[in-house]
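For reference, the structure is listed below as structure tokens.
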Amino acid sequence: MSYEQTDQFVFPKWANYLLPLLVLSVLGGAAVVPPLVIYGGSAETLNVGYQPDQPVPYSHATHVGKLGMDCRTCHNTVEDAGFAAIPPTQTCVSCHAPGTDPQGVPSNMPGAHQNSINLKPVWESYYTGDPIDWIKVHDIADYAYFNHSAHVNKGVGCVSCHGRVDKMGGAGTDDSIAGVYQVQNLSMGWCLECHREPEKYLRPLREITNMDWSPLDNDRVKAAIAAGEVDEGDEQGAQIWLGTKLKEEYEINNPAYMQSCSTCHR
Amino acid sequence: MLDLPPLIESNKNEAIADVSTIEDHITGQAYWRSLEEQANAPELLDQLGDEFQGYDPEEIQAVSRRTFLKLAGASLALAGLTLSGCRRWPKEELAPFAARPEDLIPGVPNYFASMAERGGIAHPMLVASFDGRPIKVEGHPMAGFATDVYDQALTLQQYDPERLRDVLIGEGDDGQGGKNISRSSWTTFESWMTKKADELKADGGAKFAVLAEPTSSPTALRLKAKLKAAMPQMSWVTYEPLGQDSVIEGSKLAFEGQAVRTQYDVSKAKVIACFDSDFLCNHPSATRNAKGWAVGRKSVDTEKKMNRMYVVESAMTITGAAADERLPIQPSRVAYVLTYVAGKLGVPAKADVKLTEVEKAFADKLAKDLIASGSNSVIVAGASQPADVHAYIHAINKKLGTTGVTTTYSDEPTADETWQLQAFADLSKKMEAGEIDTLLILGGNPAFDAPRDMFFGGIFEKVPHKIKLGLYRDETAAKCDWALPAATSFECWGDGRWYDGTVAVQQPLILPLFNGRSTIELLASILGDKSLQQPSGYDLVRETFKSGELLKGATFAEHLTEAGYAAELSGFEKDWRRTVHLGFVPGSAFKPVFVDAKNTVQPKLKESAEFEVVFVPSAVYDGRFANSPWLQEAPDPITKVTWDNPLLMSVPDMRDKGLINADQVTIKTGGGEVQEIMVFGQPGQAKGTVIAQLGNGRNQQAGSVGQGVGTDVYPLRVSGQMGFMPVQEVSGKTGSDYLAYTSVHHLVDGLSPEVDETSKWALEKRAGKKGKSGKKGNIIKEGKLKDWKKDPGKIMGHAHGDLSLQLYQGPSIYEDGSYDRKHPDGPEAFNHPHAWGMTIDLTSCLGCNSCVIACQAENNIPSVGKKQVWRSREMHWQRTDTYYKGDPDKPEDIQVVHQPVSCVQCENAPCEQVCPVAATVHDTEGLNTMVYNRCIGTRYCSNNCPYKVRRFNYFDYHAKSVRKDFANPWLNIPDTQQGKAIDQIKRMVFNPDVTVRMRGVMEKCTYCTQRIQRAKIQQKNAYVQSQNEGGFTHDPTEQKTVPDGTIVVACQDACPTDCISFGDLNDPESKVAKIQYKNKRVYGMLDELNTRPRTKYLAKIRNPHP
């Protein structure tokens, strides 16, 4: 076979100008990509503020904030089960009974907002028995097994993870504002903050669902302030003083146990 | 598909054909798990070192470096482009109930007492229902006995997407032995059937026949009687390929025509003699027998006494493997031995029975023991033995006076008016003569499993109208004009009787997935009960309970307080609710029947053939579970073969014929011929016998999993010889294929002695060197009761192993490196607040596989398929190592030890020390946890695990079809995303409390950590809630830790002999602590490595005749 010399595999001259461009882009990439990946892929960026549109614009602000309903009125399995169940349609209907039955015959015991168009999916579900497909907001990975009952029975308040749910959603008649959004990033590092030092977050069991509780309101803390054990107005100090006491009372496991993999992963 | 050579081919001379050199082998181990290991076959050693077994190295290298880099670059670029890491994961929806049922808490499993019937026996069970899905079968705690493998596998069958989904009409011929099908509906069938029933009623139903599986269901029997009343001339025939016909017929022979069932109380037996009976595993009351047997074994600790089990058999069965004295002989010789023994006991017997020396020695020992134990004996023959053998045993029982002590007689609800096979033969004749117009088949699969001299050869086609109710469109349904989908036992109401006669109720946990109906609902609709709009099983079962005698004399107070369940109700409603709640009617067991074996029926003594074939169930029972990958893949308890049913032969016979494992032969009997069936040499099997495992070898009608697995051996069988029969010919090798058996996998002592001196030393140290007395290995410890009583130390050897030679130096507070876990200053004690531990008693372990399947069901363990198993990639977290001892050429010499092995949770774990990402670390309670989401799949841990209990997901096994292998797996990157690829119906069987693992992740047993967590959280919550009411008193007596017995792990629950104990070692009163700290038989496997296993074994003690 003959072999002919050819220019085919030789770079043309103008290609020399590409070299500085290449160097620039490599350097630029090195400066831009890591922050992009680190920030763009962080749990904070991905999760916090997630607020999907729900099939029913349910407002926690109205129900919890304005009407003062306790979380457990609807999420009634939270103390007994790992899963704080979304209430069945029946729970909604116990207040919001439809004005008419499916045939249009007026009911003799209509509930609140019986003409609201927003409640249509609820009544539809009530009559057909089909579930309302809510969108999961606080969605942790399938290999992590969070158990609500294990936390609310040990003095971890709802607000610690879910934020001020009583202020989420439109208050009053403004139904256009969507519902719950994610406040914490729910990453493993965030979980461990509390699993390492639970005393920073514990509260008395009766205050679990209280949305704006402060350790300074607590009678025992007030007594401790009077006794000089806690400085007046030192919220953090009060929390640690009370949390340490509660940790003992509630038999909270030691941090080594709570950081064991099997505590959350199965 | 790769064309794979048989695994052990060239070891022909080494493994099977020539073992004359065994004694001279360097190892010559006293214990071995396979013939290959016994002969130290070089292929086995090669295989142990071969990571990518079965893959052609050229093929692996076919992916050049250039291609690899291209692929790697491309995948990186793709990852970058889509920013697949940088987005929220897919949206998930929450669908709450519109109206949540009372007592149902989403995410918390509910347990329902129910039952499932097989072979006319109801099996009690508790079924765990997770958000409306039945996902796990547990033993019924009040029944007093456990579930078996088939019960455990029911949940997988429930979610088999290949079950029959619709009513199908079959017409014409599809050219493949089946009919062309079109979809129909229950309504169409009902209107057709109503018309047909009226037509049939005209002549008293003479042209109507029902072919059903045996049933003990009071409702089914009630409806059967009703149907017979409406059509007095109809025939109702029961058929079960693995039925108890000869047993029932034998009782009729002995008791002047009265069919009775023998109830055994094995716990009272001092001597148990089994004549070709797999009494502890393949018997209608096997799990209960096993429980009783275990009582008499465990008494070695309390009373230094044990029962003694004699087994005369042809195959090596589970019962035989557990025997103290075992005699492997041809099935036709069993009657000889029995006659000889009976003669010695003073029962009328033929004199001058000629026995061989070995037989005579055995029979003399047995007779002597039976005379000594008298009424405390259990003698039982297997269903494979003819009726006269069973009748003879009743006479022997009478002589020994066992009635009322170890055996009682009761009614036999499945006994028909005539011998079942005879009735079946009569029906066949009628069908052939064209006298049957409509044939209704309720369950079963006669077109596959009927004896070949009836039902076949165009007889079936002579019936104009054939209706089949079943779970699958199987071989029979394919030939029928109506194929009706049946409901599973989790989908419908029903009832039945346990083996002891206790009435049980079956309650549905889920609506029929595929439009199925139960037998009783179908019968009621044929009866045309107009009171039922759509016949409801609930009403039918209630009706039976309301009108019948079933609830009379029920002793609910035994299990429920008067103030307890359903206290607000009264009368029938109260009893009914309590029955459904309990799942059975307490106190409703059969009352003893008093019968007398007046005439002694002696068994006929027949000439033995050169070869005799014995029919036994295969892994898939009679074939009904063929589409269950769990059962297909469970290594056979004895042979360890998966995904196949080879013909089992004795080792000397294989040598004579020049056969090796996986060679194919042709076998011919009076019934027919089976070609190209593989053979497998089974140590301990009697010379001159071949074992045919019924059930596999089904065609495409079995479903995608079951089709073409193994070879169909039903063609060998003819009526009258359903148990065993002479073989006309076993040919020499006609070909060969490959078998996937796990006895050559995960060898704990499988180091090559040629490697170096250390390996040689380790091998001897662990497995024990043949010929050297007193030196026992640290894997298996066993001894005779006699020696145990004299000197336990001799059997146990060094209690703590040789710590100076430990492989893994752990922290120690003692100078010599030894370790005391109970010492408060002990390092890494892993005991806060619990210290989990387990014990497994080798003395009572049967090796029955129940634990293996229970673990698979509980922990979402995938099945991988035959080829993957062949490559040592089976995923079972728990395996049972079966060790043999003795000369494989002398079947009577073989002794067996079963050792279940799952992760032993080493406190000083070798796996943890090599994980580069800390994906496997200890928790504070001693669990060697496995964090799947952290695992990067280096497999270092598995390599470093001396117990070989870690399993690696080479593929997304859950998403992959078990019957398909990747043509070139190296180029299949990336794999299909598991979450999307798993079938929507198949995934319903998953336990939501356990992560479903993906490709590239290591996994292993973690003591059912999900059950531990659930119990701990419940206990803690209850504690805090109780304290919160009365103020925190800090009462030290208040239980904050989980009390003993609360947590029952999956394998422990399934164990029929209770040989597994689990609990908290911190609690000195717990069962497991008592055993681990006080029982003298305790040892740690491979203790000498200083791994400090949390799972301890109890040495096996045998009780042979002195």
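The values are calculated or read from the model by the stated rules, or taken from the named source; none is laboratory data. Keep in mind the model is a prediction, meaning the values are calculated, not measured. Because the Cβ atoms are built from the backbone with ideal geometry, glycine has one as well, and the counts that use them run over all protein chains shown.
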Positions within region B:872-897 being out of contact with any helix residue (DSSP H, G or I) (no Cβ under 7 Å at 6 or more places or on another chain) and surrounded by fewer than 22 Cβ atoms within 10 Å (Cβ to Cβ), in sequence order: B:Ser872, B:Arg873, B:Lys885, B:Lys890, B:Asp893, B:Gln895
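Condition check ((1) of a type outside the set (Asp, Glu); (2) closer than 25 Å to B:Ala387 by Cα; (3) crowded, with 21+ Cβ neighbours inside 10 Å; (4) touching a helix residue (DSSP H, G or I) at 6+ places or on another chain (Cβ under 7 Å)) across all residues:
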| position | (1), (2), (3), (4) |
| --- | --- |
| B:Leu223 | yes, no, yes, yes |
| B:Ala229 | yes, no, no, no |
| B:Ser267 | yes, no, no, yes |
| B:Asp278 | no, yes, yes, yes |
What single numbered condition from (1) touching an Asp or Glu at 6+ places or on another chain (Cβ under 7 Å); (2) within 9 Å of chain B (Cβ to nearest Cβ) fails to hold for A:Tyr143? (1)
For B:Gln664, only one of the following conditions fails: (1) assigned to a loop (DSSP other than H, G, I, E, B); (2) of a type in the set (S, T, N, Q); (3) touching a strand residue (DSSP E or B) at 6+ places or on another chain (Cβ under 6 Å). What is its number? (1)
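Quick one: would you say B:Thr929 is within 30 Å of B:Val1042 (Cα to Cα) and in contact with a Ser or Thr (Cβ under 7 Å, 6 or more places away or on another chain)?
On the way: within 30 Å of B:Val1042 (Cα to Cα): yes; in contact with a Ser or Thr (Cβ under 7 Å, 6 or more places away or on another chain): yes.
Against the criterion (within 30 Å of B:Val1042 (Cα to Cα) and in contact with a Ser or Thr (Cβ under 7 Å, 6 or more places away or on another chain)), B:Thr929 qualifies.
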With (1) out of contact with any Phe, Trp or Tyr (no Cβ under 6 Å at 6 or more places or on another chain); (2) modelled with pLDDT of 90 or more; (3) among the basic types (Lys, Arg) as the list, and B:Arg578 as the residue in question, which single condition is left unmet? (1)
Which count do you get for residues in region A:31-42 that are at pLDDT below 80 and more than 9 Å from chain B (Cβ to nearest Cβ)? 0
If you take the residues in region A:214-266 that are among the β-branched types (Val, Ile, Thr) and more than 10 Å from every other protein chain (Cβ to nearest Cβ), which one is surrounded by the fewest Cβ atoms within 10 Å (Cβ to Cβ)? A:Thr244
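Which ranges mark the helices (runs of 4 or more DSSP H) fully within region B:455-552 that have 1 or more residues being surrounded by fewer than 18 Cβ atoms within 10 Å (Cβ to Cβ), at pLDDT 90 or above and hydroxyl-bearing (Ser, Thr, Tyr)?
Numbers: elements: B:475-478, B:519-527, B:537-547.
Where helices (runs of 4 or more DSSP H) fall fully within region B:455-552 and carry at least 1 residues being surrounded by fewer than 18 Cβ atoms within 10 Å (Cβ to Cβ), at pLDDT 90 or above and hydroxyl-bearing (Ser, Thr, Tyr), they are B:537-547.
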Residue selected from region A:100-135 under the condition away from every other protein chain (no Cβ under 14 Å) and β-branched (Val, Ile, Thr), by the criterion surrounded by the most Cβ atoms within 10 Å (Cβ to Cβ): A:Thr100
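Hey, which of the helices (runs of 4 or more DSSP H) in region A:145-261, taking only ones fully inside, have at least 1 residues that are under 15 Å from the mean Cα position of the chain (by Cα) and either among the aromatic types (Phe, Trp, Tyr) or at pLDDT below 90 (or both)? Give the steps one after another, and end with the answer.
Numbers: elements: A:148-152, A:158-162, A:188-196, A:219-226, A:235-249, A:255-258.
By residue number, A:188-196.
Tell me which residues, restricted to region B:1090-1106, are assigned to a strand (DSSP E or B) and touching a helix residue (DSSP H, G or I) at 6+ places or on another chain (Cβ under 9 Å).
Listed by number, the residues that qualify are B:Lys1096, B:Leu1098, B:Ile1101, B:Arg1102.
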Any residue that is hydrophobic (A, V, I, L, M, F, W, C), part of a strand (DSSP E or B) and touching a residue at least 40 places away in the same chain (Cβ under 8 Å) - is there at least one of those in region B:595-612? no
Take region A:44-92 and flag every residue that is over 14 Å from A:His162 (Cα atoms), away from chain B (no Cβ under 14 Å) and in contact (Cβ under 8 Å) with a residue 60 or more places away in the chain. A:Pro57, A:Ser59, A:Thr62, A:Gly65, A:Lys66, A:Asp70
Within region A:17-30, is there a residue that is within 14 Å of another protein chain (Cβ to nearest Cβ) and among the aromatic types (Phe, Trp, Tyr)? no
